[in-house]
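The values are calculated or read from the model by the stated rules, or taken from the named source; none is laboratory data. On a predicted model such as this, the values are computed, not experimentally measured, just so you know. Cβ atoms come from the backbone with ideal geometry, glycine included; neighbour counts cover every protein chain shown. Protein only, heavy atoms only, side chains kept; ligands, DNA and RNA dropped before computing areas. Shrake-Rupley method; radii C 1.70, N 1.55, O 1.52, S 1.80 Å.
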Amino acid sequence: MKQDMTENTSCTKHHCTLYKIFLHVCIISVFLFQAISLSAQTDTEVKEIYVSYALGRPAPDISPDAMRLIDSVVMVHGDITMTCDSAYYFSETNRLDAFSRVHIIKSDGSTVDGDFAKYQGDDSFSEIWGNVVLEDQDAIMKTQHLYYDLSTNIAYYVVGADIFNKGNHMVSKKGHYYRDISMFYFKKDVVLNTPDYTIITDTLNYNVQTKIADFVGPTHVVNEKDTIFCELGWYNTNDTVALFRKNAWIKSGSTTVNADTLYYESQTGNGRAFSNIVIVDTTNNIILQGQKGAYNNVSEKAWLTDQAMLIMTGEKDSLFMHSDTLRSDVDTSGFKIMKAYNKVKFYSLDMQGMCDSLAMSLQDSVIRMFTLPVIWSQDNQMTAEYIEIETERQKPKQMNLLNKGFIVSQEDTVGFNQIRGKRIVGFFRDDNELFRVKVFGDGEAIYYVKDGEDYTGVNKSSSPDMDITINDRKAEKVSHLGPSDLELIPENEFNPTELTLTGFNWLVKHRPLDKNEIFHWGERIVMNDEDTLGIVNFAQSETIDSLRNRIKILIQGKKARIGVAIMDSRDNDTLTFDRHFHFPMASVYKYHIALSVLRLVDFGRMKLDQKILVTKEELIPDTHSPLRDEHPEGNVNLTLSELLEYMVSKSDNNACDILLKLMNGPKRVEQIVKSIGVNDISIVNTEQEMHEDAGKMLNNWTTPYSAVKALAILDRQDILSESSRNFLWKLMSTSSVGSDKIKGKLPKTAIVGHKSGSSLRNDEGIKMADNDIGVVRLSGNNHYIIAVFITDSDEDDQANATIIADISRLAWDFYNVKK
């Protein structure tokens with residue numbers, strides 16, 4: 001440690017001489033003090049001692065090696081300069097105790113001010129008390145007691161602090177500030193105030209450069225309009241974009257959105273939700289559920305898919321409706337409109353229905369059904385090309401069957417009562433019973449006639465228009481308006497062909513019997529007298545177990561160890577073989593490296609357009625490297641995005657090692673991959689190390705299940721930004737390597753993003769790795785993820801590729817039937 005005591009530059013030489021004499025007297029006098037150990041004192045006791053100095057009270061006993069420095073003290077130690085009014089320097093322990101107007105400045109421009117400080121020279125460690133202010137280019141911290149390791153640039157406090165950063169204000173009881181990485185780690189009673197929100201939590205990580213806050217515990221985010229809760233997530237205070245996970249919910253006005261993951265842009269009002277979504281609108285008594293969704297708080301528009309369900313709650317009955325996609329919109333009058341698309345089914349105790357698409361206005365309470373609509377109410381089935389249901393208090397009041405209207409009800413086991421016409425209007429009582437029907441245009445009717453318990457015949461009639469009164473579910477009175485044709489068919493002359501009107505279609509097997517059956521499209525599974533399955537017309541009649549059995553048969557007898565994992569994006573249903581075995585990845589790990597690089601790009605540590613100098617020495621010969629082939633002399637500047645393209649799309653080994661070097665080695669990549677939830681993985685060696693020693697390939701391994709988990713990140717918004725995910729998908733979908741594996745037997749129009757990997761054979765001719773992992777897109781924004789690993793293979797290379805291609809084709813056929 002160096003002491004630099006500066007005199008006032010205006011003093012005379014005589015005055016300076018007197019000052020030096022006085023200083024020598026002070027130095028000699030300090031040796032008369034008895035030694036004490038300040039390190040043994042408590043913080044409170046030490047502070048009291050320092051306060052006593054400041055108030056001019058008698059100084060405590062000081063060890064004989066102490067040197068007292070007074071009046072504009074300046075201490076310089078490396079890149080640290082400290083000034084204060086007075087100080088004690090302990091030469092044996094290389095420690096300085098500073099008093100009054102303590103000011104510490106580092107060469108990087110950061111400063112610390114306080115009333116008192118202890119500085120340990122050997123460790124460059126300082127402890128500061130009283131009105132402490134730490135300031136750098138990114139933040140200002142204010143506290144009463146600060147510990148500051150100036151060698152590592154780590155400061156921490158345990159008595160509470162205020163932090164100010166570019167418009168944001170934070171307070172907490174405890175905290176650490178890692179200045180080198182611009183990160184604050186706050187604990188206990190944390191409050192972050194931004195211009196848009198107040199964040200209240202117990203644990204918060206905050207980057208003062210990116211202004212991104214990470215939540216790692218129960219957290220509330222509030223303003224005048226919204227209240228948000230989660231237990232994990234992040235919030236970018238720059239652009240007010242946030243992601244909330246684990247028991248997350250957002251409440252805005254009368255609407256609350258719950259989901260496993262919520263992505264929200266406060267400025268635009270845009271949000272997305274994933275997994276176990278529940279949207280509750282208390283004003284309109286509506287609940288929406290699904291697995292994927294989006295919404296906008298400003299326009300109040302929303303959509304929901306993947307097991308989507310709408311629930312209209314009532315006092316005694318609720319309506320449950322499912323379709324592939326549900327949408328909520330607002331009309332020009334400000335009323336909500338609910339829309340359902342593709343395979344709509346709904347259920348309530350009093351009414352059930354199905355159609356291709358549906359719209360429901362909350363202004364007029366009218367449900368409009370399009371394309372092959374069917375309504376069941378009590379014993380009646382109603383069909384038409386288009387149906388309108390006018391409701392009141394969630395009960396049908398009037399039903400309009402437009403174009404080819406048809407009403408049918410079963411008459412015990414003998415036949416069906418039927419009404420048809422161009423347009424039919426049905427009227428309902430409060431108990432949902434159909435009591436009157438009006439037919440307009442080409443009206444026809446068939447009704448069975450009973451005398452007591454016996455059937456006496458069938459009334460068959462036709463008329464341009466008809467008015468039918470129904471009582472006790474029977475036609476009590478039929479009024480024909482216009483020319484009519486009436487016929488009574490005696491019971492002994494029943495002819496089945498005469499007793500079915502044109503357009504008759506009894507669809508009872510499609511009728512949902514409870515709310516769970518709205519998710520089943522097609523006819524219900526029935527049991528015949530032999531307790532075997534009857535007619536089954538599901539769009540998906542096979543289960544994932546059938547796919548499992550086909551793959552099992554395919555891989556039986558192969559001279560290799562084969563691991564498989566397949567995951568469906570719609571319900572995350574996962575099929576695996578050798579789920580936890582450690583398969584060597586070969587070049588598959590280049591996907592994980594790209595994932596890690598893009599993770600740092602999103603955190604602002606790297607940029608896709610940053611230039612990287614590639615030297616000739618880095619272009620190793622005798623390894624797969626299109627980069628070396630195109631730039632054999634090296635010494636070329638390539639962007640980070642270009643290196644990623646070489647590594648992923650072209651599987652370039654030299655580009656891979658250059659990026660690993662940029663990432664500070666394979667272990668750093670492994671740490672990042674594990675930090676985002678992909679745990680069963682090991683990344684130890686570079687391509688060059690594996691080239692020199694083929695056995696090291698076994699050090700870079702993963703499991704089939706972890707591979708699909710890593711690929712699933714392409715569909716998540718909490719790990720990579722949308723731009724990074726799109727960029728990585730582009731690299732994978734344009735890959736020119738391994739096209740005979742996952743893509744090998746798929747249609748040429750199939751959209752696939754993948755990363756393959758392959759090794760050389762050992763001395764015994766055994767292939768250590770032949771792999772491919774990828775995402776295969778289906779129609780309707782659906783996809784499946786597939787990973788196939790082959791190791792210890794005595795099959796030839798073409799046979800290995802065919803195994804992967806055959807497994808991929810089985811998955812393709814299964815999911816294209818399932819859709």
Any residue in region 640-653 that is within 31 Å of the chain's Cα centre (by Cα) and without any contact (Cβ under 8 Å) to a residue 12 or more places away in the chain? yes
Taking region 411-424 and keeping residues open to solvent by 10 Å² or more (accessible area, probe 1.4 Å) and modelled with pLDDT of 85 or more leaves Phe416, Arg420, Lys422, Arg423
Considering each of Leu326, Leu319 in turn, give the residue that is touching a residue at least 40 places away in the same chain (Cβ under 8 Å), open to solvent by less than 40 Å² (accessible area, probe 1.4 Å) and aliphatic (A, V, I, L, M). Leu319
Identity of the residue in region 586-612, in contact (Cβ under 8 Å) with a residue 12 or more places away in the chain and in a loop (DSSP other than H, G, I, E, B), that ends up least open to solvent (accessible area, probe 1.4 Å): Met606
Restricted to region 65-100, and to residues that are of a type in the set (Asp, Glu) and surrounded by fewer than 22 Cβ atoms within 10 Å (Cβ to Cβ), which residue is farthest from the chain's Cα centre (by Cα)? Asp65
For region 622-657, how many residues meet the condition of being over 11 Å from Ala594 (Cβ atoms), of a type in the set (A, V, I, L, M, F, W, C) and crowded, with 23+ Cβ neighbours inside 10 Å? 1
Being free of Cβ contacts under 8 Å to residues at least 40 places away in the same chain and within 20 Å of Val133 (Cβ to Cβ), is that true of even one residue in region 223-245? no
Only one of (1) at pLDDT 85 or above; (2) open to solvent by less than 50 Å² (accessible area, probe 1.4 Å); (3) in contact with an Asp or Glu (Cβ under 9 Å, 6 or more places away or on another chain) does not apply to Glu517, and that is (3)
Can you name every residue in region 352-369 that is free of Cβ contacts under 8 Å to residues at least 60 places away in the same chain and either farther than 20 Å from Met312 by Cα or open to solvent by less than 40 Å² (accessible area, probe 1.4 Å) (or both)? Gly353, Cys355, Ser357, Leu358, Ala359, Met360, Ser361, Val366, Ile367, Met369
Taking only region 623-658 into account, find how many residues are more than 21 Å from His691 (Cβ to Cβ), in contact with a Leu (Cβ under 8 Å, 6 or more places away or on another chain) and among the charged types (D, E, K, R). 1
Please work out which one of (1) open to solvent by less than 20 Å² (accessible area, probe 1.4 Å); (2) outside any strand (DSSP E or B) is the condition Gln798 fails and give its number. (1)
So Thr237 fits all but one of (1) buried (at least 22 other Cβ atoms within 10 Å of the Cβ); (2) at pLDDT 90 or above; (3) more than 23 Å from Thr282 (Cα to Cα); what number is the exception? (2)
Search result, residues across region 322-349 that are at positive phi and not polar (S, T, N, Q): Gly334, Lys343
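Listed here are the residues, each with its yes/no results for (1) outside any helix (DSSP H, G or I); (2) open to solvent by 30 Å² or more (accessible area, probe 1.4 Å); (3) modelled with pLDDT of 95 or more.
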| site | (1), (2), (3) |
| --- | --- |
| Ala707 | no, no, no |
| Ala712 | no, no, no |
| Trp729 | no, yes, no |
| Met732 | no, no, no |
| Val737 | yes, yes, no |
| Gly744 | yes, yes, no |
| Pro747 | yes, yes, no |
Among the residues of region 618-628, are any within 30 Å of Asp306 (Cβ to Cβ) and in contact (Cβ under 8 Å) with a residue 40 or more places away in the chain? no
Members of region 671-705 that are in a helix (DSSP H, G or I), of a type in the set (D, E, K, R) and under 21 Å from the mean Cα position of the chain (by Cα): Lys674
Would you mind finding the one in Asp442, Asp467 that is farther than 29 Å from Lys316 by Cβ, open to solvent by 50 Å² or more (accessible area, probe 1.4 Å) and either part of a strand (DSSP E or B) or not β-branched (Val, Ile, Thr) (or both)? Asp442
Selection status of Gly757, touching a strand residue (DSSP E or B) at 6+ places or on another chain (Cβ under 6 Å), closer than 23 Å to Ala560 by Cβ and outside any loop (DSSP other than H, G, I, E, B): yes
From the residues in region 268-305 that are in a loop (DSSP other than H, G, I, E, B) and in contact with a Phe, Trp or Tyr (Cβ under 9 Å, 6 or more places away or on another chain), which one is least open to solvent (accessible area, probe 1.4 Å)? Gly269
Looking only at region 370-422, and only at residues there that are touching a residue at least 24 places away in the same chain (Cβ under 8 Å), among the basic types (Lys, Arg) and assigned to a strand (DSSP E or B), the one that is farthest from Asp467 (Cα to Cα): Lys395
Scan region 366-389 and tell me whether some residue there is more than 35 Å from the chain's Cα centre (by Cα) and more than 24 Å from Gly522 (Cα to Cα). yes
Return the residue satisfying two criteria in turn: it lies in region 751-763 and is farther than 16 Å from Ile790 by Cβ and open to solvent by 20 Å² or more (accessible area, probe 1.4 Å), and of such residues it is modelled with the lowest pLDDT. Asp763
May I ask you to list the residues in region 431-447 that are more than 16 Å from Asp379 (Cα to Cα) and not β-branched (Val, Ile, Thr)? Lys438, Phe440, Gly441, Asp442, Gly443, Glu444, Ala445
Residues of region 133-148 being touching a residue at least 24 places away in the same chain (Cβ under 8 Å) and either surrounded by 16 or more Cβ atoms within 10 Å (Cβ to Cβ) or in a strand (DSSP E or B) (or both), in sequence order, are Leu134, Glu135, Asp136, Asp138, Ala139, Ile140, Met141, His145, Leu146, Tyr148
Going by the conditions given, is Lys246 touching a Leu at 6+ places or on another chain (Cβ under 7 Å), open to solvent by 40 Å² or more (accessible area, probe 1.4 Å) and within 30 Å of Asn168 (Cβ to Cβ)? yes
Looking at region 760-781 only, could you name the residues that are touching a residue at least 24 places away in the same chain (Cβ under 8 Å) and either part of a strand (DSSP E or B) or within 20 Å of Leu731 (Cα to Cα) (or both)? Lys767, Asp770, Asn771, Asp772, Ile773, Gly774, Val775, Val776, Arg777, Leu778, Asn781
